[in-house]
Amino acid sequence: MIETISTKAYGTEAAEAPLDQLGIERRKPTAHDVEIDILFCGVCHSDVHTARNEWPGTLYPCVPGHEIVGKIVSVGGHVSKFKVGDVVGVGCMVDSCRECQYCNEGLEQYCEPGMTGTYNAPDKHLNTHTFGGYSERIVVDENFVLSIPDNLDLAAAAPLLCAGITTYSPLKHWNVGPGQKVGVVGIGGLGHMGIKIAKAMGAEVVAFTTSESKFAEAKRLGADEVVLSKDKEQMAAYRGKLHFILDAVSAEHDINAYISLLRVDGSLALVGAPEQPLPVAAFSLITGRKSFAGSMIGGIAETQEMLDFCGEHNITADIEMIDVQQINEAYDRMVKGDVKYRFVIDMASLKEEK
Ligand SMILES: [Zn+2]
Ligand SMILES: [Zn+2]
């Protein structure tokens with residue numbers, strides 16, 4: 001029997017029920033575990049989809065949250081990478097098989113038997129499923145824990161653990177850098193990080209938005225140029241001009257209009273997840289040896305690399321801080337796109353709750 005620690009959390013017992021305080025059990029740290037006192041947790045669209053069972057397969061009770069920043073309060077006997085007092089992060093994964101070819105290549109997110117999600121995944125230690133960061137504390141194997149650069153604001157750094165790595169990984173994989181024109185489609189939680197990171201990598205960034213009201217914002221975030229995507233003339237001016245496009249839109253949209261903006265050998269990578277299949281015209285790909293691709297978060301080593309890169313370039317997310325008691329309202333606002341650009345929960349608000 002593994003000993004457990006009773007832990008206050010915020011979550012839901014059913015798809016239709018609002019999130020509320022509930023109690024969960026965390027394992028006591030085993031030899032390679034660290035126990036993290038959670039300070040901040042970002043609010044990701046996946047949290048809403050999972051809590052509301054919009055991607056079927058939610059295990060209840062559901063405690064979301066995979067943009068976690070906190071302080072280590074205890075460590076297991078064999079922990080070598082961290083010590084009590086370290087400020088650390090936990091992202092979308094807390095474990096993987098650690099022996100398949102992808103785990104060996106540092107691509108734990110694509111682990112063959114499947115990575116262990118920070119929430120809603122079978123728990124390898126306790127006879128239950130994993131619970132995320134909307135809680136007082138979390139216990140995680142040190143190999144899935146990241147160091148947060150000490151110059152970054154901790155609350156604003158939390159979204160780097162999902163939104164940051166989700167955009168950094170494809171930009172890195174497709175070798176974005178100086179001398180390239182890179183499109184970022186959609187200026188939200190993911191897209192605003194994509195603009196900042198692509199710019200810091202040295203690319204010329206072209207932001208695409210459906211709303212003229214976001215022009216000034218996109219420029220402030222670092223975009224060199226902004227295009228109103230529903231204006232055919234503005235779009236036509238970029239035909240064949242872009243080396244790479246990061247598509248962070250989760251709603252239905254005309255993918256061929258963007259593929260036509262790629263240069264020969266250019267790639268468009270999806271990081272958003274529209275519910276319906278996107279029709280791709282073969283001719284838009286074959287007439288320029290173009291690639292239509294996708295990407296999901298990043299491996300653990302790459303996540304640390306991203307955090308160090310963000311530390312060096314002083315990049316964090318633009319956030320709106322909330323108390324955990326405001327989470328249901330925050331979900332509704334996020335679904336409407338009414339947040340600039342990420343909600344982050346101040347977890348002190350949970351600790352103070354009776
Ligand atoms: Zn996420
Ligand atoms: Zn694996």
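The trypsin sites (Lys or Arg not before Pro) of segment 105-200 that meet both conditions, a loop assignment by DSSP and at most 12 other Cβ atoms within 10 Å of the site Cβ, are Lys124. Just the protein heavy atoms count here, and of the accessible area of segment 226-331 at 1.4 Å, carbon and sulfur take up 52 percent. Any chance you could check the Cα centroid distance between segment 86-156 and segment 314-354 for me, in angstrom? That distance is 21 Å.
Computed about its Cα centre, the charge dipole of the chain is approximately 880 debye, with only Lys, Arg, Asp and Glu carrying charge at their Cβ. The value obtained for segment 45-130, namely the Cα convex hull volume divided by the number of residues, is 128 Å³ per residue.
Convex hull volume per residue, computed on the Cα atoms of segment 47-93, equals 107 Å³. Its DSSP H runs of at least 4 residues, each contributing -39,500 (n - 2.57), put the calculated 222 nm mean residue ellipticity of the chain at -6500 deg cm²/dmol, to the nearest 500.
How many angstrom lie between the Cα centre of segment 240-299 and the Cα centre of segment 62-77? Answer, in whole Å: 35. Taking the Cα centre of segment 180-278 as origin and assigning +1 to Lys and Arg Cβ atoms and -1 to Asp and Glu Cβ atoms, the resulting dipole is close to 300 debye. With the gyration tensor restricted to C-alpha atoms of segment 218-280, the semi-axes of the equivalent ellipsoid amount to 18, 15, 13 Å, longest first.
Among the GluC sites (Glu not before Pro) in segment 86-170, those placed in a DSSP loop whose Cβ has at most 12 other Cβ atoms within 10 Å are Glu99, Glu105.
Local charge for Val79 was computed over the other residues whose Cβ lies under 11 Å away, with Lys and Arg +1 and Asp and Glu -1, and equals -3. Apply the a/c threshold of 1.5 to the C-alpha gyration tensor of segment 1-110 and tell me whether it is rounded, prolate or oblate. Oblate.
Over all pairs of distinct alpha carbons, what does the Kirkwood formula give as the hydrodynamic radius of segment 285-342, in Å? List each step's numbers first, then the result.
On the way: mean 1/r = 0.0662 Å⁻¹.
For segment 285-342, inverting the mean 1/r across all distinct Cα pairs yields 15.1 Å.
Accessible area per residue for segment 1-130, computed on protein heavy atoms with a 1.4 Å probe, is 46 Å².
With the convex hull of its Cα atoms as the shape, segment 242-354 has an orientation-averaged projected area of 10.0 nm².
Across q = 0.26 Å⁻¹, segment 93-150 modelled as identical point scatterers on its alpha-carbon atoms has Debye log10 I(q)/I(0) values of -1.12, in the order of the q list. Note the angle between two axes, namely the Cα long axis of helix 189-200 and the longest principal axis of the Cα atoms of the chain, as a number of degrees from 0 to 90, rounded to the nearest 10. Computed tilt is about 70 degrees.
Per the Kirkwood formula applied to alpha carbons, the chain shows a radius of gyration over Rh ratio, Rg over Rh, of 0.98.
Among the listed pairs Lys8/Lys81; Lys232/Lys340; Lys199/Lys241; Lys81/Lys172; Lys181/Lys290; Lys230/Lys336, those whose Cα-Cα separation exceeds 23 Å are Lys8/Lys81; Lys232/Lys340; Lys81/Lys172.
Loop-resident GluC sites (Glu not before Pro) (DSSP state other than H, G, I, E or B) in segment 231-330 with no more than 15 further Cβ atoms inside 10 Å of their Cβ: Glu252, Glu275. What a 1.4 Å probe finds exposed on segment 1-103 is 53% carbon and sulfur by accessible area, rounded to a whole percent.
In the context of the full set of protein chains, residues of segment 248-293 present 54 Å² of accessible surface per residue (probe radius 1.4 Å, heavy atoms only).
Given H placed on each backbone N at 1.01 Å, which residues far from Cys97 in sequence or on other chains put an amide H within less than 5 Å of it? For Cys97, the qualifying residues are Gly114.
Bridges between two residues of the chain, per DSSP, are antiparallel at a rate of about 55%.
Here the peptides 148-158, 332-342 are ranked by packing, the mean other Cβ count within 10 Å, and the order with the highest first is 148-158, 332-342.
The values are calculated or read from the model by the stated rules, or taken from the named source; none is laboratory data. The structure presented is a predicted model; accordingly, all values stated were derived computationally and were not measured. For neighbour counting, all protein chains shown are included, and Cβ atoms are generated from backbone atoms with ideal geometry for every residue, glycine included. What goes into the accessible areas is simple: the full protein's heavy atoms, side chains included, and nothing from ligands, DNA or RNA. Shrake-Rupley method; radii C 1.70, N 1.55, O 1.52, S 1.80 Å.
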